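Asks: Quick one: the structure is below, and I'll ask about it shortly.
The values are calculated or read from the model by the stated rules, or taken from the named source; none is laboratory data. Model, not experiment: these values are computed from the prediction. Note that we place each Cβ from the backbone using ideal geometry, even for glycine, and neighbour counts take in every protein chain shown.
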Amino acid sequence: MKDYRIYYFTEKSNGREGNQDNFCVNGKINEDSGNHSEGTEDINAPFAVAVFDGMGGEAYGEVASLYAAKTFKDHEYQIRKCENAEELDESLSSYCTDVNKQIEKFLEERGIDFLCCGTTCAGALVNEDKLIPFWLGDSRVYLWHAEKKQIELLSHDDTEAQRWIDMGWLREDEARDTGAWHTLNAYLGSSDFYIRIGKETEIKKGDAILISSDGITDLLIDAALEQLLKYPVDKAYKILLETAYNWSDDNSTVILVTEAE
């Protein structure tokens, strides 16, 4: 079995009073949604990791992301047993159903029937030398190709702005300046949506998987991330952490995965 090293953090950042982000890494989640959390894990493949960004424009975003993280922890054993995209799709569908039920129950117990309570989800199933990305919302999954020194976006934002880009109406730089950049077309917490599955992608020596909420990707465009990941992974991680703390005005959560030396 191949060994991997995982660096991760969640940071409320200077612009926010609380943290509506969460994560799941090797059974660890952020139990205290108001605080910073970080760590490093060495793990054998197969494994699955994920980032969650509670919907900040709605109430209880931190509740939705915490439910999503806890439920992912419960489902992780079944998820990491998946050997292909079809099996992963089935396993994540079961996961989505469980998360949605918990969020619906939370709202029902409080007599709330007029709010959207949800979270994004972005992650990867890593099996030896391959990964399968998955996502829902606008948290992102990237692969840094060390040999080509290029970054590849493996996910596809579920936002109104991305729809406009896909239609050819706006360039990405133009779409970033619109209010639609953060308008989600899909999220975890509603039975109308299920997690998207990306293509299986080979991981080569020196490559790195970057999974991030939009607290980082709003601040650092893909070209900036590409330059950053030319540094050794541990240094790139420290720069991302400092960026989240000092410069981002949103909650930021990052998982960075590379082959252990």
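Asks: Residues being in a helix (DSSP H, G or I), of a type in the set (Phe, Trp, Tyr) and at pLDDT below 95: count how many of those fall in the stretch 159-216. Don't jump to the end; show me each part of the working.
Replies: Initial filter on the stretch 159-216 (in a helix (DSSP H, G or I)): 160-166, 172-175, 179-182, 214-216.
After this cut, where a residue has to be of a type in the set (Phe, Trp, Tyr) as well, the list is 164, 181.
Within this subset, residues satisfying the condition of being at pLDDT below 95 are 181.
Total satisfying the criteria: 1.
Asks: Assess whether Ile103 counts as being within 19 Å of Asp158 (Cβ to Cβ), modelled with pLDDT under 95 and out of contact with any Pro (no Cβ under 8 Å at 6 or more places or on another chain).
Replies: Working: within 19 Å of Asp158 (Cβ to Cβ): yes; modelled with pLDDT under 95: yes; out of contact with any Pro (no Cβ under 8 Å at 6 or more places or on another chain): yes.
It is true that Ile103 is within 19 Å of Asp158 (Cβ to Cβ), modelled with pLDDT under 95 and out of contact with any Pro (no Cβ under 8 Å at 6 or more places or on another chain).
Asks: Give the number of residues within the stretch 75-93 that are exposed (fewer than 15 other Cβ atoms within 10 Å of the Cβ) and without any contact (Cβ under 8 Å) to a residue 40 or more places away in the chain. Give the derivation first.
Replies: To start, the set of residues in the stretch 75-93 that are exposed (fewer than 15 other Cβ atoms within 10 Å of the Cβ) comprises 77, 81, 83-84, 86, 90, 93.
Checking the rest, the ones that are also without any contact (Cβ under 8 Å) to a residue 40 or more places away in the chain come to 77, 81, 86, 90.
Residues flagged as exposed (fewer than 15 other Cβ atoms within 10 Å of the Cβ) and without any contact (Cβ under 8 Å) to a residue 40 or more places away in the chain within the stretch 75-93 amount to 4.
Asks: Anything in the stretch 14-28 that is crowded, with 22+ Cβ neighbours inside 10 Å and not charged (D, E, K, R)? List them, or say none.
Replies: Step one: filter the stretch 14-28 for residues crowded, with 22+ Cβ neighbours inside 10 Å, giving 19-25.
Asn19, Gln20, Asn22, Phe23, Cys24, Val25, listed by residue number.
Asks: Looking at (1) part of a helix (DSSP H, G or I); (2) under 28 Å from Lys28 (Cβ atoms); (3) out of contact with any strand residue (DSSP E or B) (no Cβ under 8 Å at 6 or more places or on another chain), find the lone condition where Cys117 falls short.
Replies: Among (1) part of a helix (DSSP H, G or I); (2) under 28 Å from Lys28 (Cβ atoms); (3) out of contact with any strand residue (DSSP E or B) (no Cβ under 8 Å at 6 or more places or on another chain), Cys117 violates only (1).
Asks: Anything in the stretch 198-228 that is crowded, with 21+ Cβ neighbours inside 10 Å and within 30 Å of Asp98 (Cβ to Cβ)? List them, or say none.
Replies: Scanning the stretch 198-228 gives Ile203, Ile209, Leu210, Ile211, Ser212, Ser213, Asp214, Gly215, Ile216, Thr217.
Asks: Next question. Considering each of Val141, Val126 in turn, give the residue that is surrounded by 16 or more Cβ atoms within 10 Å (Cβ to Cβ) and either in contact with a Leu (Cβ under 6 Å, 6 or more places away or on another chain) or assigned to a helix (DSSP H, G or I) (or both). Break it down into steps so the answer makes sense when it comes.
Replies: Working: Val126 fails: either in contact with a Leu (Cβ under 6 Å, 6 or more places away or on another chain) or assigned to a helix (DSSP H, G or I) (or both).
When all the criteria are applied, what remains is Val141.
Asks: Hey, can you tell me all the residues within the stretch 165-223 that are aromatic (Phe, Trp, Tyr) and either touching a helix residue (DSSP H, G or I) at 6+ places or on another chain (Cβ under 6 Å) or at positive phi (or both)?
Replies: So in the stretch 165-223, the residues aromatic (Phe, Trp, Tyr) come out as 169, 181, 187, 193-194.
Scanning the stretch 165-223 gives Trp181, Tyr194.
Asks: Criterion first (small (Gly, Ala, Ser), part of a loop (DSSP other than H, G, I, E, B) and buried (at least 21 other Cβ atoms within 10 Å of the Cβ)) does Ser65 satisfy it? Spell out how you get there, then give the answer.
Replies: Details: small (Gly, Ala, Ser): yes; part of a loop (DSSP other than H, G, I, E, B): no; buried (at least 21 other Cβ atoms within 10 Å of the Cβ): yes.
Considered against the rule, which asks whether it is small (Gly, Ala, Ser), part of a loop (DSSP other than H, G, I, E, B) and buried (at least 21 other Cβ atoms within 10 Å of the Cβ), Ser65 comes out as no.
Asks: For a quick check of your reading of the model, give me the residue pairs whose first member lies in the stretch 237-261 and is under 25 Å from Cys121 (Cβ atoms) and in contact (Cβ under 8 Å) with a residue 40 or more places away in the chain, whose second is assigned to a helix (DSSP H, G or I) and of a type in the set (D, E, K, R), with beta-carbon atoms closer than 7 Å and at least 6 apart or on different chains.
Replies: Sorted first by the residue in the stretch 237-261, then by its partner, the pairs are Asp250/Asp214.
Asks: What number of residues in the stretch 221-261 are part of a helix (DSSP H, G or I) and of a type outside the set (Val, Ile, Thr)? Write out each step before concluding.
Replies: We begin by selecting, within the stretch 221-261, every residue part of a helix (DSSP H, G or I); these are 222-228, 233-246.
Next cut, of a type outside the set (Val, Ile, Thr) only: 222-228, 234-238, 240-242, 244-246.
Residues that pass the stated criteria total 18.
Asks: Right, another one. Scan Leu170, Leu188 and give me the residue that is over 26 Å from Lys2 (Cα atoms), surrounded by 15 or more Cβ atoms within 10 Å (Cβ to Cβ) and touching a Cys at 6+ places or on another chain (Cβ under 6 Å). Lay out the reasoning, then the answer.
Replies: On the way: Leu170 fails: touching a Cys at 6+ places or on another chain (Cβ under 6 Å).
From the options Leu170, Leu188, the qualifying one is Leu188.
Asks: For Cys96, are the conditions met, namely being surrounded by fewer than 23 Cβ atoms within 10 Å (Cβ to Cβ) and in contact (Cβ under 8 Å) with a residue 24 or more places away in the chain?
Replies: Working: surrounded by fewer than 23 Cβ atoms within 10 Å (Cβ to Cβ): yes; in contact (Cβ under 8 Å) with a residue 24 or more places away in the chain: yes.
Judged against the criteria, Cys96 is a match.
Asks: Return the pair list, or none, for Cβ contacts closer than 9 Å from residues in the stretch 196-219 that are under 23 Å from Asn19 (Cβ atoms) to residues that are of a type in the set (Gly, Ala, Ser) and part of a helix (DSSP H, G or I), at least 6 apart or on different chains.
Replies: Short answer, once both residue conditions are applied: Leu210/Ala236; Gly215/Ala244; Ile216/Ala244; Leu219/Ala244.
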